[in-house]
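Here the structure is laid out as structure tokens; the discussion comes afterwards.
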Amino acid sequence: MLAMNRISETDLIINEDGSAYHLNLLPGEVADTIITVGDQDRVAGISKYFDQIELKKGKREFITHTGRIGNKRITVISTGIGTDNIDIVLNELDALVNIDFKTRLVNQNLKSLDIIRIGTSGALRADIAVDSLLVSSSAFGLDPLMHYYEQELTEADEALLKAFTSALPTGYKLSPYFAPAGKTLLDTLGAGLQQGITITAPGFYAPQGRQVRAVSTMPGFMDMLQNFKSGGQRITNLEMETAGIYGLAASLGHKALSFNVILANRVTQVFSTQPAQIMDHYIKQVLEKLADN
């Protein structure tokens, strides 16, 4: 019944020109395949490989290019860092394709987007090489985003979340959630690539086990993540958006897959010596996969 109600002007804010409030995009300006990146500069680093660019728009940290590779239409958009921005981007992308901006009613026929993240990450296992590519088969979110949205998890998903929550020391003030990748995307675009469970953290320093000057309240955090195993699955890497993308995409009826360019190994304490070149290499690889599917 909720889907039939008119959405208010304060629940979905639309600019005077008819565009989505934050993204500054009009319905029709986004493709069915969306690539999300954190860094604004990475948008042009991806769209330079398009055969045609039909649109370039930007507002705040949200830069969008839409174009084509062959006959495949693709949108690439920068989200900025963190799942708070993912909340904005995914809700407004969904509104652009599934809500009539004139009537403020949900469309009768809903569209499902393919949402592909290309981002950087740090490995939590010594055997995961710096400068390699890893696909998130699923993710634990240590941020609060998905506690605001309903999720549908399988029994296996619930069991994995319970195992992870039980593994947290009692002194850790965390309430994790779990979100799997879109299965069809994982089986196609992720085929043949190393995969694992990703940790999505709400920050870069202490939330990812880094110690600079401020003292962490969670000693042994990295060891706990590295030692976690359940049902043959293990945690492989840390970053800041994947769980939010997976969880919210699924709640909205979309499919998502996260490609992690491993620039650091937190066990061996090695960082890439050529991060820009490695990112560019994997951008081309992911675009080739998208063009072929």
Here the relative contact order (percent) of segment 93-185, from C-alpha pairs under 8 Å and at least 6 apart, is 29
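What do you get for trypsin sites (Lys or Arg not before Pro) in segment 213-293 restricted to DSSP loop and a cutoff of at most 14 other Cβ within 10 Å of the site's Cβ? Kindly include the intermediate steps, with their values, before the conclusion.
Values: sites: 213, 229, 234, 255, 266, 284, 289; in loops: 213, 266.
In loop regions of segment 213-293 (DSSP not H, G, I, E or B), the sparsely surrounded trypsin sites (Lys or Arg not before Pro) are 213.
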The answer for chymotrypsin sites (Phe, Trp or Tyr not before Pro) in segment 49-81 that fall in a DSSP coil and have at most 12 neighbouring Cβ atoms within 10 Å is none
Here the longest stretch of the chain that holds no GluC sites (Glu not before Pro) in a DSSP loop having at most 14 other beta carbon atoms within 10 Å is 153-293
Surrounding charge for residue 124, neighbours by C-beta under 14 angstrom, Lys/Arg +1, Asp/Glu -1, total +2
Neighbours of residue 101 by Cβ distance under 15 Å: Lys/Arg at +1, Asp/Glu at -1, summed charge -4
One would report the antiparallel percent of DSSP beta bridges in the chain, rounded to the nearest 5, as 50
Projecting the Cα atoms of 80, 105, 65 onto the charge dipole of segment 33-107, where Lys and Arg contribute +1 and Asp and Glu -1 at Cβ, the residue farthest towards the positive end is 65
Once the dipole of the chain is set up from charges on Cβ (+1 Lys and Arg, -1 Asp and Glu), the residue from the list 190, 219, 271 lying farthest towards its positive end is 271
Among 111/289; 111/173; 102/284; 48/255, the pairs whose Cα-Cα distance exceeds 28 Å are 111/173; 102/284
Here the net charge surrounding residue 268, from other residues whose Cβ is less than 12 Å away from its Cβ (Lys, Arg +1; Asp, Glu -1), is +1
In debye to the nearest 20, the charge dipole size for segment 154-286, taken about the Cα centre with +1 at each Lys and Arg Cβ and -1 at each Asp and Glu Cβ, equals 260
Computed about the Cα centre, the charge dipole of the chain from +1 Lys/Arg and -1 Asp/Glu charges at the Cβ has a magnitude in debye, to the nearest 20, of 460
Whole-Å distance linking the alpha carbon centroid of segment 214-256 with that of segment 37-83 is 26
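Give, in nm to one decimal, the length gained when the segment between residue 215 and residue 187 is fully stretched (0.36 nm per residue of separation minus the Cα-Cα distance). Can you show the working numbers first?
Numbers: separation 28, 0.36 × 28 = 10.08 nm, distance 4.14 nm.
Answer, rounded to one decimal: 5.9 nm.
Let me check against my output: what whole-number percent is the relative contact order of the chain, with C-alpha pairs under 8 Å and at least 6 apart? Walk me through the numbers before you get to the answer.
Values: 576 pairs, mean separation 67.7, N = 293.
Across the chain, relative contact order equals 23 percent.
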For segment 1-104 the trypsin sites (Lys or Arg not before Pro) that pass both the DSSP coil test and the at-most-14 other-Cβ-within-10 Å test are 6, 48, 60, 102
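Where in the chain are the helices, taken as whole DSSP H runs, whose Cα atoms extend 24 angstrom or more along the long axis and whose Kyte-Doolittle mean reaches at least -0.5?
275-292
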DSSP beta bridges in segment 173-293: the antiparallel percent, rounded to 5, is 50
Residues whose modelled amide H sits under 5 Å from the amide H of residue 31, counting only those 5 or more places away in sequence or on another chain, are 75
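If you place +1 on the Cβ of every Lys and Arg, -1 on the Cβ of every Asp and Glu, and leave all else neutral, what size is the dipole of segment 1-154 about its Cα centre, to the nearest 20 Debye?
Working: 15 positive and 22 negative charges, 91 e Å.
With only Lys, Arg, Asp and Glu charged at Cβ, the dipole is about 440 debye.
Each reported figure results from applying straightforward, stated rules to the coordinates on display, with no laboratory input. Please read these numbers as outputs of a predicted model, since none were measured by experiment. Cβ sites come from the backbone with ideal geometry, for glycine too, and all protein chains shown count toward neighbours.
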